[in-house]
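Have a look at the structure below, then the notes.
Nothing in this text is a laboratory measurement; each read-out follows from the coordinates by a stated rule. Worth saying up front: this structure is predicted, and the values here are computed from it rather than measured. So basically every Cβ, Gly included, is an ideal-geometry build from the backbone, and we count neighbours across all protein chains shown.
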Amino acid sequence: MTFPPEPELDDLYRELLLDHYRNPRNKGRLEQADVSVEGYNPLCGDEVQLMLDLDDGVIKDVRFLGRGCSISQASASMMTTAIKGQKVAKVRHLIEAFRKMIVDGKGADPELGDLEALEGISHMPVRVKCAT
Ligand code: ZN
């Protein structure tokens, strides 16, 4: 009888995560943000501030500022690329799909795009809060 292998991020996904961590997309400040929200993860000190520019129910622009572990910052970067230009209703759906994947371990929705790279995190309970 064999045991399943240790859950790990596969190499391709690890590369994608590192790329977003080293070259974060949409990082910076929106001067005229319609919405600004902050998230803090006391478990490892991750901080993310998200700023949105909304226009007629569409996320016209998005930026984030933050610091913390590679997972939290890569997740924030990937999320901005997934939601930019999308309708708010669609983004709600993406958030729900992301939670299902990461928190409930229900697998990735193809619409999540690069965020799918974080699926392996669902097997690492202590990092779930970093990703979300
Ligand atoms: Zn973290």
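In the chain, helical runs assigned H by DSSP with n ≥ 4 each contribute -39500 (n - 2.57); averaged across all residues and rounded to the nearest 500, the mean residue ellipticity at 222 nm is -11500 deg cm²/dmol.
Measuring max minus min along each principal axis, the C-alpha atoms of the chain give extents of 59, 28, 24 Å (largest first). The modelled label-to-label distance between R99 and T81, using points 7 Å beyond Cα along the C-beta direction, is 2.5 nm. Take each peptide in 23-32, 120-129, count the other Cβ atoms within 10 Å of every residue, and average; sorted highest first, the result is 120-129, 23-32. Annotation: amide H-H contacts under 5 Å for K27 (H modelled 1.01 Å from N, sequence separation of 5 or more, or interchain): F64. In summary, the aspartates and glutamates within cross-link reach of K87, defined as a Cα separation below 14 angstrom excluding same-chain residues under 8 places away, comprise D53, D55, D56, D61, E111.
Spin-label model, L54 to L12: label points 7 Å out along the Cα-to-beta-carbon direction sit 3.6 nm apart. Could you tell me which of P125, G107, A89 has its Cα farthest along the dipole of region 21-132 towards the positive end, charges placed at Cβ (Lys, Arg +1; Asp, Glu -1), taken about the Cα centre? Toward the positive end, the furthest listed residue is P125.
For region 115-132, the Karplus equation 6.51 cos²θ - 1.76 cosθ + 1.60, evaluated at θ = phi - 60°, returns couplings of 4, 4, 4, 8, 4, x, 4, 4, 8, 10, x, 6, 9, 4, 5, 5, 6, 7 Hz by residue, with Gly and Pro reported as x. For the chain, hydrophobic long helices are taken as DSSP H runs at least 15 Å long by C-alpha position along their axis with mean Kyte-Doolittle hydropathy of -0.5 or more; these are 70-83, 88-102. Of all DSSP-defined beta bridges confined to the chain, some 95% are antiparallel rather than parallel. Which residue fluctuates most in the GNM of the chain (Cα springs below 10 Å): V62, V88, V37? Answer for the Gaussian network model of the chain: V37. Put a dot 7 Å past the Cα of Y40, heading toward its Cβ, do the same for V126, and the two dots end up 2.2 nm apart.
For the residues G107, G57, G85, a GNM of the chain with alpha-carbon springs under 10 Å puts the largest fluctuation on G57.
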